[in-house]
């Protein structure tokens, strides 16, 4: 790889970090490991071609162009957390991955029968936060959201904070923000 290609790859990975919280190569490798997949199965679950997944992982492409695919990534991340904490078995995870694969966007975060993972029918805080993040990130890049927040900050500091936390921040920080502002 020549210097120009290395620079383009580094730039793409930095954009991925700003849009998705980390480079997609690291995120996808973690999903592969956590869910026991290979690249072809991950690509199929996300609704991407194997070459597109490879290009995103390697930094040849920076952005996932389809918002439904971004939502599937988020749903798989949530599923990986549930598998890790034991609340979803390997067999259930396989069924959930099939549901995620078939989803066309919208709210892909509900389990079979419309119930959420907590079984109450009410979305978890993390799921609400992920939906907010997905919506904001589907309309603007993190850098643009930060610029908008900076513009709003003098007159509307709370709104600026919201944009920064949910539009460009990490999910854990957004969950903490959400919980701190309940009631």
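The values are calculated or read from the model by the stated rules, or taken from the named source; none is laboratory data. These numbers come from a predicted model, not from an experiment. Here the Cβ is made from the backbone with ideal geometry for all residues, glycine too, and neighbour counts use every protein chain on show.
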Practice problem: Search region 144-176 for residues being under 16 Å from residue 22 (Cβ atoms) and surrounded by fewer than 16 Cβ atoms within 10 Å (Cβ to Cβ), and hand back the single one that is farthest from the chain's Cα centre (by Cα). | Solution: 173
Quiz item: Looking only at region 60-89, which residues are more than 30 Å from residue 139 (Cβ to Cβ) and touching a helix residue (DSSP H, G or I) at 6+ places or on another chain (Cβ under 7 Å)?
Solution: 83, 84, 88
Quiz item: Restricting attention to region 15-23, does a residue exist that is over 13 Å from the mean Cα position of the chain (by Cα) and more than 19 Å from residue 134 (Cβ to Cβ)?
Solution: no
Exercise. Could you please give the count of residues in region 151-163 that are assigned to a helix (DSSP H, G or I) and within 22 Å of residue 180 (Cα to Cα)?
Key: 8
Self-check item: Hey, residue 55 surrounded by 14 or more Cβ atoms within 10 Å (Cβ to Cβ), within 22 Å of residue 138 (Cβ to Cβ) and not assigned by TED's automatic domain parsing to the domain that holds residue 164 or not
Solution: yes
Exercise. Kindly list, by first and then second residue, each pair from a residue in region 1-15 that is in the same structural domain as residue 53 (by TED's automatic domain parsing) to a residue that is at pLDDT below 90 and not in a helix (DSSP H, G or I), limited to pairs with Cβ atoms under 8 Å and residues at least 6 apart or on different chains.
Key: 9/1; 15/141
